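Only one structure is covered here, and it is reproduced in the block below.
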Amino acid sequence: MSTERLPKSRVVPAVHGSRRASGDPGYMVELAGVLGQAYGLGGLIELYGRFMTGDGLVDALMRHVIWRSVVRRCGSGLQVGSGAEFKHPETFEIGNGVFIGAQAYIQGRHDGRCVIGDNVWIGPQAYLDARDLILEDYVGWGPGAKVLGSSHTGTPVDVPIILTDLEIKPVRVCAWADIGTNATILPGVTIGKGALVGAGAVVVRDVEPCAVVAGVPAKFLHWRADAAVPTKS
């Protein structure tokens, strides 16, 4: 067995969000409009299946164009990875420079609202219950991380829990926050601006701005090194 020491860590410049997103080419915008008129929402969702899993240039282009066609609002520079899926995309509002990783799944609801701000990065295999969800600008969402937006009431007790009513609670992730790999955010939680949620954490209550939390359930560890500690009034 080798006893060589591992090399020291490296710090390199961030890539995502560091460049200002330029407007999408006119042909992409025009194609999205033509497809929207020709196919309608249902037809576009069916068409999406043809290009959902490919890694080629045409597949990536068509994923972008179809997402642009089906969502309520879409900014420029959207990137959609292979296998990314959606439900009720007509309720989504997507900002500029958004990245959606491979096999991510965003589940909306016909009467819900999902807002994804500018320069949000959503990692591969993420799951977003987007029935009442806001991700503000520059949010990082780690691979495999999940947000749940509802739970069954569990009453009355004389019927199966899955047959009881759903209570949908809003989830808010404020600007600059970062959600670690495989973390889970539970219904009704607000993650404060610039907060950091550790990998694998299960967040059951609100997180203060610039706080670092981790664990199951997630607990406060410390404030970010350069943060001004909030004062209670």
(message) Here are labelled values, (1) 15.0; (2) 18.5; (3) 11.8, and one is the computed mean projected area of the Cα convex hull in nm² for what I pasted. Which one?
(response) (2)
(request) Name the residue farthest towards the positive end of the dipole of segment 1-159 from the options TRP121, VAL80, ALA38, assuming +1 on Cβ of Lys and Arg, -1 on Cβ of Asp and Glu, about the Cα centre. (result) TRP121
(request) Rounded to the nearest 500, what is the 222 nm mean residue ellipticity of the chain from helices alone, with -39500 (n - 2.57) per DSSP H run of 4+ residues and division by all residues? (result) -6000 deg cm²/dmol
(message) For a protection proxy built on the mean count of beta-carbon atoms within 10 angstrom, sort 187-200, 125-138, 28-41 highest first, please.
(response) 125-138, 187-200, 28-41
(request) Kindly identify segment 95-226 as rounded, prolate or oblate by the Cα gyration tensor criterion: order the square roots of the eigenvalues as a ≥ b ≥ c, call it rounded if a/c is under 1.5, otherwise compare a/b with b/c, prolate if a/b is larger, else oblate. (result) oblate
(request) Please give every one of the lysines within straight-line cross-link reach of LYS87, meaning a C-alpha to C-alpha distance under 27 Å, and leave out same-chain neighbours fewer than 8 residues apart. (result) LYS146, LYS169
(request) Order the peptides 86-92, 218-224 from the highest to the lowest mean number of other Cβ atoms within 10 Å of their residues. (result) 86-92, 218-224
(request) Starting from the Cα of ILE162, step 7 Å along the direction of its Cβ; do the same at VAL216; then give the gap between the two resulting points in nm. (result) 2.2
(request) Along Cα→Cβ, 7 Å out, is where each label goes; now give me the distance between the ones at HIS152 and SER18 in nm to one decimal. (result) 4.8
(request) Could you work out the relative contact order of the chain, using alpha carbon pairs under 8 angstrom and six or more residues apart, expressed as a whole percent? (result) 10
(message) Suppose we keep just the DSSP beta bridges with both residues in the chain; what percent of those would be antiparallel, to 5?
(response) 15
(request) Please identify, among PRO124, PRO143, PRO25, the residue showing maximal mean-square fluctuation in a Gaussian network model of the chain using a 10 angstrom Cα cutoff. (result) PRO25
(message) How would segment 1-71 be classified by its alpha-carbon gyration tensor: rounded, prolate or oblate, with rounded meaning a/c under 1.5 and the a/b versus b/c comparison settling the rest?
(response) prolate
(request) Have a look at THR153, PHE220, ALA201 and report the one farthest towards the positive end of the charge dipole of segment 112-232, computed about the Cα centre with Cβ charges (Lys/Arg +1, Asp/Glu -1). (result) PHE220
(message) Over segment 6-80, what is the relative contact order in percent, taking alpha-carbon pairs closer than 8 angstrom and at least six residues apart?
(response) 36
(request) For the chain, with all protein chains present and a 1.4 Å probe, just round the carbon and sulfur fraction of the accessible area to a whole percent. (result) 55
(message) Can you give me the accessible area per residue for segment 97-226, using a 1.4 Å probe, in Å²?
(response) 47
(message) What does the C-alpha gyration tensor say about the overall shape of segment 60-141? Classify as rounded when a/c is under 1.5, otherwise prolate if a/b is larger than b/c, or oblate.
(response) rounded
(request) Report the label-to-label distance for ASP55 and ALA102 in nanometres (one decimal), using points 7 Å from each Cα along the Cα→Cβ vector. (result) 0.5
(request) Could you pull out every one of the aspartates and glutamates with an alpha carbon less than 15 Å from that of LYS219, ignoring same-chain neighbours closer than 8 positions? (result) ASP206, GLU208
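The values are calculated or read from the model by the stated rules, or taken from the named source; none is laboratory data. Given the structure is predicted, the values throughout are model-derived calculations rather than measurements. With ideal geometry, Cβ positions are generated from the backbone for all residues, glycine too; neighbour counts draw on all protein chains shown. Keep in mind that these areas ignore ligands, DNA and RNA; they rest on the heavy atoms of the full protein, side chains included. Shrake-Rupley method; radii C 1.70, N 1.55, O 1.52, S 1.80 Å.
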